[in-house]
1. Just B:V104, B:V225, B:V158 to compare: in a GNM of chain B, with alpha carbon springs under 10 Å, which one fluctuates most?
2. Under unit Cβ charges (Lys, Arg +1; Asp, Glu -1), what dipole magnitude, rounded to 20 debye, does region B:157-250 have relative to its Cα centre?
3. Considering only the label points, 7 Å along Cα→Cβ from Cα, what distances in nm to one decimal separate B:D233 from the same position in each other copy, shortest first?
4. Point me to the residue of chain B whose C-beta lies closest to the B-onto-A rotation axis, rounding the distance to whole angstrom.
5. Report the charge-dipole magnitude of the protein assembly as shown in Debye, nearest 20, computed about the Cα centre from +1 at each Lys and Arg Cβ and -1 at each Asp and Glu Cβ.
6. Using alpha-carbon positions, what is the distance between the centroids of region B:7-21 and region A:221-258, in Å?
7. What accessible area, in Å² to the nearest ten, does a 1.4 Å probe give for A:R142?
8. Shortest first and in nm with one decimal, please list how far the A:E168 label point sits from its counterparts in the other copies (point 7 Å along Cα→Cβ).
Protein chains: 2
Amino acid sequence: MCQLLGMNCNVPTDICFSFEGFCARGGKTDEHIDGWGIAFFEHLGCRVFLDDNPSIKSPIAQLVKHYPIKSKNVIAHIRKATYGKVGLENCHPFQRELWGNYWVFAHNGDLHNFEPPLHGSYQPVGTTDSEKAFCYILETLRHSFPQEKPLLNELYPVLKSITKTISEYGIFNYLLSNGEYLFTHSTTNLYYFIRQAPFATAHLIDEDITVDFRSVTDDSDRVAVIATMPLTDNEQWVKVPTGQLLVFKNGDVINFSP
Amino acid sequence: MCQLLGMNCNVPTDICFSFEGFCARGGKTDEHIDGWGIAFFEHLGCRVFLDDNPSIKSPIAQLVKHYPIKSKNVIAHIRKATYGKVGLENCHPFQRELWGNYWVFAHNGDLHNFEPPLHGSYQPVGTTDSEKAFCYILETLRHSFPQEKPLLNELYPVLKSITKTISEYGIFNYLLSNGEYLFTHSTTNLYYFIRQAPFATAHLIDEDITVDFRSVTDDSDRVAVIATMPLTDNEQWVKVPTGQLLVFKNGDVINFSP
(Lines give C-alpha, C1' and ligand atoms only; values in the text may rest on other atoms or scores of the structure.)
Protein backbone atom coordinates (compact mmCIF):
# COMPACT_ATOMS: atom_id res chain seq x y z
CA MET A 1 0.00 0.00 0.00
CA CYS A 2 0.98 3.63 -0.30
CA GLN A 3 0.50 6.81 1.63
CA LEU A 4 -1.24 9.99 0.55
CA LEU A 5 -0.77 13.59 1.66
CA GLY A 6 -2.83 16.53 0.47
CA MET A 7 -3.06 20.19 1.37
CA ASN A 8 -5.70 22.74 0.41
CA CYS A 9 -5.47 26.35 1.65
CA ASN A 10 -7.07 29.76 1.34
CA VAL A 11 -3.68 31.44 0.80
CA PRO A 12 -0.54 29.93 -0.76
CA THR A 13 1.19 28.01 2.02
CA ASP A 14 4.28 25.83 2.17
CA ILE A 15 3.99 22.17 3.12
CA CYS A 16 7.47 21.79 4.65
CA PHE A 17 6.24 20.79 8.13
CA SER A 18 3.75 18.15 7.00
CA PHE A 19 6.08 16.85 4.29
CA GLU A 20 8.86 16.36 6.86
CA GLY A 21 6.73 13.87 8.78
CA PHE A 22 5.21 12.29 5.68
CA CYS A 23 8.61 11.81 4.07
CA ALA A 24 9.83 9.78 7.04
CA ARG A 25 7.28 7.13 6.09
CA GLY A 26 9.24 6.51 2.89
CA GLY A 27 11.76 4.17 4.48
CA LYS A 28 12.31 5.43 8.02
CA THR A 29 9.12 5.06 10.11
CA ASP A 30 7.36 2.98 7.47
CA GLU A 31 8.17 0.76 4.50
CA HIS A 32 7.03 2.77 1.46
CA ILE A 33 10.32 2.70 -0.38
CA ASP A 34 9.32 2.32 -4.03
CA GLY A 35 9.35 5.96 -5.02
CA TRP A 36 7.45 9.10 -4.20
CA GLY A 37 6.14 12.29 -5.75
CA ILE A 38 4.61 15.66 -4.97
CA ALA A 39 2.66 18.16 -7.08
CA PHE A 40 2.30 21.86 -6.28
CA PHE A 41 -0.24 24.01 -8.05
CA GLU A 42 0.83 27.61 -8.41
CA HIS A 43 -1.85 29.73 -10.08
CA LEU A 44 -2.59 27.73 -13.26
CA GLY A 45 0.84 26.15 -13.36
CA CYS A 46 1.84 22.93 -11.69
CA ARG A 47 5.18 21.49 -10.60
CA VAL A 48 5.46 17.76 -10.16
CA PHE A 49 8.54 16.30 -8.51
CA LEU A 50 8.92 12.54 -8.94
CA ASP A 51 11.58 10.11 -7.80
CA ASP A 52 11.78 6.34 -7.90
CA ASN A 53 14.21 6.39 -4.98
CA PRO A 54 12.89 6.10 -1.40
CA SER A 55 11.91 9.55 -0.13
CA ILE A 56 14.30 9.39 2.83
CA LYS A 57 17.26 8.93 0.44
CA SER A 58 16.09 11.28 -2.31
CA PRO A 59 17.99 14.54 -2.97
CA ILE A 60 14.77 15.84 -4.52
CA ALA A 61 12.89 15.16 -1.29
CA GLN A 62 15.61 17.07 0.57
CA LEU A 63 15.03 20.01 -1.77
CA VAL A 64 11.26 19.90 -1.28
CA LYS A 65 11.68 19.72 2.51
CA HIS A 66 13.82 22.84 2.61
CA TYR A 67 12.56 24.94 -0.32
CA PRO A 68 9.27 26.49 0.80
CA ILE A 69 7.16 26.37 -2.37
CA LYS A 70 3.87 28.13 -1.61
CA SER A 71 0.75 26.58 -3.02
CA LYS A 72 -3.00 26.41 -2.40
CA ASN A 73 -3.23 22.78 -3.56
CA VAL A 74 -0.64 20.08 -3.00
CA ILE A 75 -0.81 16.32 -3.53
CA ALA A 76 1.98 13.96 -2.42
CA HIS A 77 2.39 10.20 -2.46
CA ILE A 78 4.90 7.63 -1.29
CA ARG A 79 4.76 4.25 -2.91
CA LYS A 80 4.84 0.64 -1.83
CA ALA A 81 4.59 -1.11 -5.18
CA THR A 82 1.76 -3.62 -5.61
CA TYR A 83 0.53 -3.38 -9.23
CA GLY A 84 3.20 -2.06 -11.60
CA LYS A 85 6.97 -2.36 -11.20
CA VAL A 86 9.21 0.23 -9.56
CA GLY A 87 9.91 2.94 -12.10
CA LEU A 88 9.42 6.64 -12.67
CA GLU A 89 6.46 6.04 -14.97
CA ASN A 90 4.63 4.37 -12.07
CA CYS A 91 5.26 7.10 -9.48
CA HIS A 92 2.28 9.16 -8.38
CA PRO A 93 1.00 11.84 -8.62
CA PHE A 94 0.02 11.54 -12.27
CA GLN A 95 -0.71 14.64 -14.31
CA ARG A 96 -2.89 15.28 -17.35
CA GLU A 97 -4.64 18.32 -18.89
CA LEU A 98 -8.42 18.66 -19.17
CA TRP A 99 -10.37 21.78 -20.23
CA GLY A 100 -7.13 23.81 -20.24
CA ASN A 101 -6.30 22.96 -16.60
CA TYR A 102 -3.80 20.51 -15.22
CA TRP A 103 -5.30 17.70 -13.15
CA VAL A 104 -3.24 15.74 -10.66
CA PHE A 105 -4.10 12.40 -9.05
CA ALA A 106 -2.66 10.04 -6.44
CA HIS A 107 -4.15 6.77 -5.20
CA ASN A 108 -3.76 4.48 -2.23
CA GLY A 109 -5.19 0.99 -2.52
CA ASP A 110 -5.49 -1.84 -5.02
CA LEU A 111 -7.97 -2.30 -7.84
CA HIS A 112 -8.36 -5.91 -8.91
CA ASN A 113 -9.00 -6.99 -12.51
CA PHE A 114 -9.61 -3.35 -13.36
CA GLU A 115 -9.53 -2.92 -17.15
CA PRO A 116 -11.61 0.15 -17.93
CA PRO A 117 -12.73 0.80 -21.51
CA LEU A 118 -10.36 3.64 -22.49
CA HIS A 119 -10.98 5.20 -25.89
CA GLY A 120 -7.76 7.08 -26.42
CA SER A 121 -8.17 10.59 -25.05
CA TYR A 122 -6.18 9.55 -21.96
CA GLN A 123 -3.94 6.49 -21.99
CA PRO A 124 -1.75 5.20 -19.17
CA VAL A 125 2.00 5.54 -19.67
CA GLY A 126 2.91 3.15 -16.85
CA THR A 127 1.37 -0.07 -15.65
CA THR A 128 -0.43 0.85 -12.42
CA ASP A 129 -4.11 0.31 -11.68
CA SER A 130 -4.00 3.87 -10.32
CA GLU A 131 -3.06 5.57 -13.59
CA LYS A 132 -5.76 3.53 -15.38
CA ALA A 133 -8.30 4.82 -12.86
CA PHE A 134 -7.12 8.41 -13.36
CA CYS A 135 -7.39 8.09 -17.16
CA TYR A 136 -10.86 6.60 -16.80
CA ILE A 137 -12.00 9.44 -14.52
CA LEU A 138 -10.74 12.11 -16.92
CA GLU A 139 -12.15 10.37 -19.98
CA THR A 140 -15.53 10.14 -18.24
CA LEU A 141 -15.45 13.82 -17.26
CA ARG A 142 -14.47 14.86 -20.79
CA HIS A 143 -17.13 12.66 -22.33
CA SER A 144 -19.76 14.12 -19.99
CA PHE A 145 -18.67 17.73 -20.58
CA PRO A 146 -16.93 17.80 -23.95
CA GLN A 147 -16.94 21.54 -24.49
CA GLU A 148 -15.74 23.17 -21.30
CA LYS A 149 -15.35 22.87 -17.58
CA PRO A 150 -18.75 22.50 -15.89
CA LEU A 151 -19.80 24.06 -12.61
CA LEU A 152 -18.90 22.11 -9.49
CA ASN A 153 -22.48 21.04 -8.86
CA GLU A 154 -22.60 19.56 -12.38
CA LEU A 155 -19.18 17.92 -12.11
CA TYR A 156 -19.64 16.44 -8.62
CA PRO A 157 -22.33 13.82 -9.39
CA VAL A 158 -20.39 12.56 -12.42
CA LEU A 159 -17.19 12.25 -10.39
CA LYS A 160 -19.14 10.60 -7.57
CA SER A 161 -20.68 8.09 -9.95
CA ILE A 162 -17.43 7.10 -11.68
CA THR A 163 -15.71 6.89 -8.30
CA LYS A 164 -18.41 4.49 -7.09
CA THR A 165 -17.96 2.36 -10.22
CA ILE A 166 -14.19 2.14 -9.79
CA SER A 167 -14.55 1.44 -6.04
CA GLU A 168 -16.24 -1.83 -6.89
CA TYR A 169 -12.81 -3.11 -7.99
CA GLY A 170 -11.10 -2.58 -4.64
CA ILE A 171 -9.68 -0.01 -2.28
CA PHE A 172 -9.86 3.44 -3.81
CA ASN A 173 -8.55 6.14 -1.47
CA TYR A 174 -7.53 9.05 -3.68
CA LEU A 175 -6.66 12.72 -3.94
CA LEU A 176 -7.50 14.64 -7.13
CA SER A 177 -7.05 18.34 -7.87
CA ASN A 178 -7.35 20.78 -10.75
CA GLY A 179 -5.69 23.56 -8.76
CA GLU A 180 -9.03 24.99 -7.70
CA TYR A 181 -10.60 22.10 -5.78
CA LEU A 182 -9.08 19.17 -3.96
CA PHE A 183 -11.31 16.09 -4.19
CA THR A 184 -10.73 13.27 -1.71
CA HIS A 185 -12.28 9.84 -1.64
CA SER A 186 -11.91 7.24 1.06
CA THR A 187 -12.53 3.51 1.04
CA THR A 188 -10.43 2.66 4.12
CA ASN A 189 -8.01 5.21 5.57
CA LEU A 190 -8.07 8.95 4.97
CA TYR A 191 -8.00 11.63 7.66
CA TYR A 192 -8.11 15.40 7.55
CA PHE A 193 -7.50 18.28 9.89
CA ILE A 194 -8.37 21.93 9.31
CA ARG A 195 -5.76 24.20 10.85
CA GLN A 196 -7.20 27.65 11.51
CA ALA A 197 -7.38 30.39 14.16
CA PRO A 198 -6.92 30.13 17.08
CA PHE A 199 -3.63 28.51 16.01
CA ALA A 200 -1.57 26.37 18.38
CA THR A 201 1.50 24.16 18.31
CA ALA A 202 1.57 20.93 16.34
CA HIS A 203 3.87 17.97 16.93
CA LEU A 204 4.71 15.40 14.25
CA ILE A 205 4.21 11.69 14.90
CA ASP A 206 7.02 10.53 12.58
CA GLU A 207 9.72 13.04 13.58
CA ASP A 208 10.24 14.84 16.90
CA ILE A 209 9.44 18.23 15.43
CA THR A 210 7.06 20.85 16.82
CA VAL A 211 5.88 24.03 15.10
CA ASP A 212 4.10 26.90 16.82
CA PHE A 213 1.69 28.00 14.10
CA ARG A 214 0.84 31.18 16.05
CA SER A 215 4.17 32.61 14.94
CA VAL A 216 3.83 31.83 11.23
CA THR A 217 0.15 32.53 10.44
CA ASP A 218 -2.41 35.28 10.11
CA ASP A 219 -5.79 34.92 11.80
CA SER A 220 -7.50 34.55 8.43
CA ASP A 221 -5.32 31.62 7.26
CA ARG A 222 -6.98 28.26 6.85
CA VAL A 223 -5.24 25.06 5.80
CA ALA A 224 -6.78 21.62 5.34
CA VAL A 225 -4.26 18.78 5.60
CA ILE A 226 -5.40 15.35 4.37
CA ALA A 227 -3.40 12.16 4.93
CA THR A 228 -3.69 8.37 4.93
CA MET A 229 -2.90 8.45 8.65
CA PRO A 230 -2.76 11.50 10.96
CA LEU A 231 0.57 13.32 10.81
CA THR A 232 0.42 15.01 14.22
CA ASP A 233 -0.32 13.58 17.65
CA ASN A 234 -1.89 16.65 19.28
CA GLU A 235 -4.48 17.72 16.69
CA GLN A 236 -7.99 16.32 16.24
CA TRP A 237 -7.92 14.54 12.88
CA VAL A 238 -11.28 13.59 11.37
CA LYS A 239 -11.64 10.24 9.62
CA VAL A 240 -13.31 10.48 6.20
CA PRO A 241 -16.21 7.97 6.16
CA THR A 242 -16.03 5.08 3.70
CA GLY A 243 -17.45 5.96 0.29
CA GLN A 244 -17.46 9.70 0.91
CA LEU A 245 -16.21 12.06 -1.80
CA LEU A 246 -15.23 15.36 -0.16
CA VAL A 247 -14.45 18.62 -1.93
CA PHE A 248 -12.01 21.04 -0.33
CA LYS A 249 -11.66 24.66 -1.36
CA ASN A 250 -9.93 27.52 0.45
CA GLY A 251 -8.92 25.23 3.28
CA ASP A 252 -12.38 23.98 4.12
CA VAL A 253 -14.85 21.29 3.11
CA ILE A 254 -17.50 22.57 0.73
CA ASN A 255 -21.00 21.81 1.94
CA PHE A 256 -23.37 21.71 -0.96
CA SER A 257 -26.30 19.64 -2.06
CA PRO A 258 -25.40 18.18 -5.40
CA MET B 1 13.80 35.27 -27.04
CA CYS B 2 14.66 32.11 -25.20
CA GLN B 3 17.34 29.46 -25.29
CA LEU B 4 16.98 25.76 -25.95
CA LEU B 5 19.10 22.81 -24.89
CA GLY B 6 18.53 19.22 -25.90
CA MET B 7 20.39 15.97 -25.44
CA ASN B 8 19.84 12.61 -27.13
CA CYS B 9 22.06 9.61 -26.32
CA ASN B 10 22.51 5.92 -26.94
CA VAL B 11 22.94 5.20 -23.22
CA PRO B 12 21.46 7.13 -20.28
CA THR B 13 23.80 10.05 -19.67
CA ASP B 14 23.74 12.99 -17.28
CA ILE B 15 23.56 16.53 -18.62
CA CYS B 16 25.38 18.23 -15.72
CA PHE B 17 28.23 19.64 -17.84
CA SER B 18 26.06 21.12 -20.61
CA PHE B 19 23.44 22.34 -18.14
CA GLU B 20 26.11 24.20 -16.15
CA GLY B 21 26.94 26.36 -19.16
CA PHE B 22 23.36 26.66 -20.34
CA CYS B 23 22.14 27.68 -16.90
CA ALA B 24 24.56 30.63 -16.81
CA ARG B 25 22.55 32.13 -19.68
CA GLY B 26 19.60 32.49 -17.30
CA GLY B 27 20.78 35.79 -15.79
CA LYS B 28 24.58 35.61 -15.71
CA THR B 29 26.04 35.53 -19.23
CA ASP B 30 22.70 36.34 -20.87
CA GLU B 31 19.36 37.94 -20.02
CA HIS B 32 16.90 35.04 -20.02
CA ILE B 33 15.58 35.57 -16.52
CA ASP B 34 11.87 34.79 -16.79
CA GLY B 35 11.97 31.17 -15.70
CA TRP B 36 13.37 27.91 -16.94
CA GLY B 37 12.65 24.22 -17.09
CA ILE B 38 14.12 20.84 -17.91
CA ALA B 39 12.57 17.48 -18.74
CA PHE B 40 14.33 14.12 -18.38
CA PHE B 41 12.92 10.98 -19.92
CA GLU B 42 13.75 7.85 -17.94
CA HIS B 43 12.39 4.74 -19.65
CA LEU B 44 8.72 5.62 -20.19
CA GLY B 45 8.64 8.05 -17.26
CA CYS B 46 9.44 11.72 -17.43
CA ARG B 47 10.50 14.24 -14.82
CA VAL B 48 9.91 17.90 -15.55
CA PHE B 49 11.48 20.52 -13.30
CA LEU B 50 10.06 24.02 -13.74
CA ASP B 51 10.81 27.30 -12.03
CA ASP B 52 9.66 30.84 -12.71
CA ASN B 53 12.78 32.17 -11.00
CA PRO B 54 15.91 32.91 -13.05
CA SER B 55 17.95 29.73 -13.43
CA ILE B 56 21.05 31.25 -11.80
CA LYS B 57 19.05 31.97 -8.60
CA SER B 58 16.95 28.80 -8.59
CA PRO B 59 17.52 26.16 -5.88
CA ILE B 60 15.97 23.67 -8.30
CA ALA B 61 18.60 24.51 -10.92
CA GLN B 62 21.27 23.96 -8.27
CA LEU B 63 19.79 20.52 -7.65
CA VAL B 64 19.73 19.66 -11.35
CA LYS B 65 23.34 20.84 -11.77
CA HIS B 66 24.59 18.59 -9.01
CA TYR B 67 22.22 15.58 -9.11
CA PRO B 68 23.29 13.48 -12.10
CA ILE B 69 19.97 12.24 -13.49
CA LYS B 70 20.74 9.86 -16.35
CA SER B 71 18.54 10.07 -19.39
CA LYS B 72 18.58 9.30 -23.12
CA ASN B 73 16.43 12.33 -23.97
CA VAL B 74 16.55 15.71 -22.26
CA ILE B 75 14.94 19.03 -23.21
CA ALA B 76 15.71 22.27 -21.35
CA HIS B 77 14.66 25.87 -21.85
CA ILE B 78 15.38 29.25 -20.31
CA ARG B 79 12.88 31.95 -20.92
CA LYS B 80 12.88 35.59 -21.89
CA ALA B 81 9.17 36.36 -21.88
CA THR B 82 7.68 37.78 -25.07
CA TYR B 83 4.15 36.37 -25.43
CA GLY B 84 2.62 35.36 -22.09
CA LYS B 85 3.42 36.78 -18.66
CA VAL B 86 6.01 35.40 -16.27
CA GLY B 87 4.47 32.47 -14.41
CA LEU B 88 4.93 28.77 -13.89
CA GLU B 89 2.16 27.93 -16.39
CA ASN B 90 4.20 29.65 -19.11
CA CYS B 91 7.52 27.91 -18.40
CA HIS B 92 8.76 25.41 -20.97
CA PRO B 93 9.11 22.49 -21.50
CA PHE B 94 5.42 21.64 -21.74
CA GLN B 95 4.27 18.06 -21.28
CA ARG B 96 1.27 16.12 -22.56
CA GLU B 97 0.43 12.46 -23.19
CA LEU B 98 -0.27 11.01 -26.65
CA TRP B 99 -0.64 7.28 -27.54
CA GLY B 100 0.36 6.34 -23.98
CA ASN B 101 3.67 8.22 -24.15
CA TYR B 102 4.65 11.52 -22.64
CA TRP B 103 5.60 14.19 -25.15
CA VAL B 104 7.70 17.19 -24.17
CA PHE B 105 8.16 20.43 -26.11
CA ALA B 106 10.16 23.65 -25.84
CA HIS B 107 10.22 26.57 -28.30
CA ASN B 108 12.44 29.49 -29.08
CA GLY B 109 10.97 32.26 -31.21
CA ASP B 110 7.77 34.23 -31.63
CA LEU B 111 4.63 33.29 -33.53
CA HIS B 112 2.52 36.27 -34.53
CA ASN B 113 -1.28 36.24 -34.63
CA PHE B 114 -1.14 32.49 -34.20
CA GLU B 115 -4.60 31.23 -33.22
CA PRO B 116 -4.75 27.60 -34.32
CA PRO B 117 -8.11 25.82 -34.47
CA LEU B 118 -7.93 23.61 -31.37
CA HIS B 119 -10.80 21.20 -30.89
CA GLY B 120 -10.34 20.24 -27.27
CA SER B 121 -8.10 17.19 -27.10
CA TYR B 122 -5.19 19.45 -26.10
CA GLN B 123 -5.78 22.91 -24.69
CA PRO B 124 -3.17 25.39 -23.51
CA VAL B 125 -3.04 26.02 -19.76
CA GLY B 126 -0.91 29.16 -20.03
CA THR B 127 -0.88 32.02 -22.52
CA THR B 128 2.19 31.41 -24.68
CA ASP B 129 2.23 31.05 -28.45
CA SER B 130 4.55 28.09 -27.79
CA GLU B 131 2.06 26.00 -25.81
CA LYS B 132 -0.58 26.70 -28.49
CA ALA B 133 1.84 25.37 -31.11
CA PHE B 134 2.53 22.26 -29.03
CA CYS B 135 -1.19 21.58 -28.59
CA TYR B 136 -1.74 22.08 -32.31
CA ILE B 137 1.06 19.66 -33.18
CA LEU B 138 -0.29 16.95 -30.85
CA GLU B 139 -3.88 17.46 -31.99
CA THR B 140 -2.75 17.11 -35.60
CA LEU B 141 -0.78 13.95 -34.85
CA ARG B 142 -3.69 12.42 -32.94
CA HIS B 143 -6.14 13.37 -35.67
CA SER B 144 -3.85 11.81 -38.31
CA PHE B 145 -3.25 8.63 -36.30
CA PRO B 146 -6.21 8.25 -33.94
CA GLN B 147 -5.66 4.64 -32.95
CA GLU B 148 -2.02 4.24 -32.08
CA LYS B 149 1.51 5.49 -32.55
CA PRO B 150 2.54 5.28 -36.20
CA LEU B 151 5.95 4.31 -37.51
CA LEU B 152 8.48 7.11 -37.77
CA ASN B 153 8.29 7.24 -41.55
CA GLU B 154 4.51 7.74 -41.28
CA LEU B 155 4.77 10.31 -38.48
CA TYR B 156 7.59 12.38 -39.98
CA PRO B 157 5.77 13.86 -43.02
CA VAL B 158 2.79 14.87 -40.84
CA LEU B 159 5.07 16.54 -38.31
CA LYS B 160 7.02 18.21 -41.11
CA SER B 161 3.84 19.54 -42.69
CA ILE B 162 2.35 20.96 -39.47
CA THR B 163 5.75 22.44 -38.60
CA LYS B 164 5.84 24.20 -41.98
CA THR B 165 2.33 25.55 -41.42
CA ILE B 166 3.19 26.92 -37.97
CA SER B 167 6.49 28.36 -39.24
CA GLU B 168 4.53 30.72 -41.47
CA TYR B 169 3.60 32.63 -38.29
CA GLY B 170 7.16 33.42 -37.24
CA ILE B 171 10.31 31.99 -35.75
CA PHE B 172 9.82 28.36 -34.78
CA ASN B 173 12.98 26.78 -33.39
CA TYR B 174 11.85 23.85 -31.28
CA LEU B 175 12.74 20.61 -29.53
CA LEU B 176 10.16 17.84 -29.21
CA SER B 177 10.56 14.36 -27.75
CA ASN B 178 8.47 11.33 -26.85
CA GLY B 179 11.38 9.70 -25.02
CA GLU B 180 12.34 7.66 -28.09
CA TYR B 181 13.11 10.35 -30.67
CA LEU B 182 14.24 13.95 -30.28
CA PHE B 183 12.84 16.11 -33.09
CA THR B 184 14.48 19.48 -33.71
CA HIS B 185 13.36 22.24 -36.03
CA SER B 186 15.24 25.41 -36.83
CA THR B 187 14.09 28.70 -38.30
CA THR B 188 17.04 30.80 -37.15
CA ASN B 189 19.48 29.46 -34.55
CA LEU B 190 19.96 25.84 -33.60
CA TYR B 191 23.28 23.99 -33.44
CA TYR B 192 24.22 20.44 -32.63
CA PHE B 193 27.34 18.49 -31.83
CA ILE B 194 27.71 14.71 -31.67
CA ARG B 195 30.15 13.71 -28.97
CA GLN B 196 31.57 10.24 -29.65
CA ALA B 197 34.82 8.28 -29.71
CA PRO B 198 37.58 9.34 -29.95
CA PHE B 199 36.56 11.53 -26.99
CA ALA B 200 38.47 14.65 -26.01
CA THR B 201 38.21 17.56 -23.61
CA ALA B 202 35.41 20.12 -23.90
CA HIS B 203 35.45 23.67 -22.56
CA LEU B 204 32.31 25.67 -21.83
CA ILE B 205 31.80 29.12 -23.30
CA ASP B 206 29.66 30.44 -20.44
CA GLU B 207 31.67 29.11 -17.48
CA ASP B 208 35.39 28.38 -17.23
CA ILE B 209 34.86 24.65 -16.89
CA THR B 210 36.60 21.86 -18.81
CA VAL B 211 35.70 18.18 -18.83
CA ASP B 212 37.88 15.41 -20.19
CA PHE B 213 35.32 13.06 -21.65
CA ARG B 214 37.93 10.32 -22.11
CA SER B 215 37.72 9.69 -18.38
CA VAL B 216 33.93 9.43 -18.13
CA THR B 217 32.89 7.56 -21.28
CA ASP B 218 33.02 4.19 -23.00
CA ASP B 219 34.06 3.97 -26.63
CA SER B 220 30.54 3.03 -27.67
CA ASP B 221 28.89 6.09 -26.06
CA ARG B 222 27.34 8.65 -28.36
CA VAL B 223 25.67 11.87 -27.25
CA ALA B 224 24.06 14.52 -29.43
CA VAL B 225 23.84 17.93 -27.78
CA ILE B 226 21.57 20.49 -29.40
CA ALA B 227 21.44 24.17 -28.39
CA THR B 228 20.35 27.60 -29.57
CA MET B 229 24.00 28.64 -29.56
CA PRO B 230 27.07 26.40 -29.17
CA LEU B 231 27.89 25.62 -25.55
CA THR B 232 31.58 24.80 -25.98
CA ASP B 233 34.35 26.73 -27.73
CA ASN B 234 36.54 23.80 -28.81
CA GLU B 235 34.03 21.47 -30.50
CA GLN B 236 32.72 21.67 -34.07
CA TRP B 237 29.04 22.54 -33.73
CA VAL B 238 26.90 22.14 -36.84
CA LYS B 239 24.24 24.74 -37.62
CA VAL B 240 20.84 23.22 -38.47
CA PRO B 241 19.70 24.72 -41.81
CA THR B 242 16.56 26.87 -41.81
CA GLY B 243 13.41 24.84 -42.25
CA GLN B 244 15.04 21.51 -41.48
CA LEU B 245 13.31 19.03 -39.20
CA LEU B 246 15.93 16.63 -37.81
CA VAL B 247 15.27 13.41 -35.93
CA PHE B 248 17.80 12.23 -33.37
CA LYS B 249 17.90 8.72 -31.97
CA ASN B 250 20.65 6.97 -30.02
CA GLY B 251 22.84 10.07 -30.19
CA ASP B 252 22.80 10.44 -33.95
CA VAL B 253 20.76 12.00 -36.73
CA ILE B 254 18.51 9.51 -38.46
CA ASN B 255 18.95 9.50 -42.20
CA PHE B 256 15.86 8.22 -43.87
CA SER B 257 13.81 9.06 -46.90
CA PRO B 258 10.36 9.90 -45.71
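The values are calculated or read from the model by the stated rules, or taken from the named source; none is laboratory data. Since we're looking at a predicted model, the values are computed, not measured. Note that we place each Cβ from the backbone using ideal geometry, even for glycine, and neighbour counts take in every protein chain shown. When the accessible area is computed, the model is the full protein with side chains, heavy atoms only, and any ligands, DNA or RNA have been set aside. Shrake-Rupley method; radii C 1.70, N 1.55, O 1.52, S 1.80 Å.
1. B:V158
2. On the way: 7 positive and 11 negative charges, 115 e Å.
Here region B:157-250 has a charge dipole of around 560 debye.
3. Output for B:D233: 6.0 nm, nearest copy listed first.
4. Residue and rounded Å distance to the axis: B:L63, 3.
5. On the way: 42 positive and 58 negative charges, 115 e Å.
Around 560 debye, computed over the protein assembly as shown.
6. 43 Å
7. Roughly 30 Å² of A:R142 is accessible to a 1.4 Å probe.
8. Copy-to-copy label distances for A:E168: 5.1 nm.
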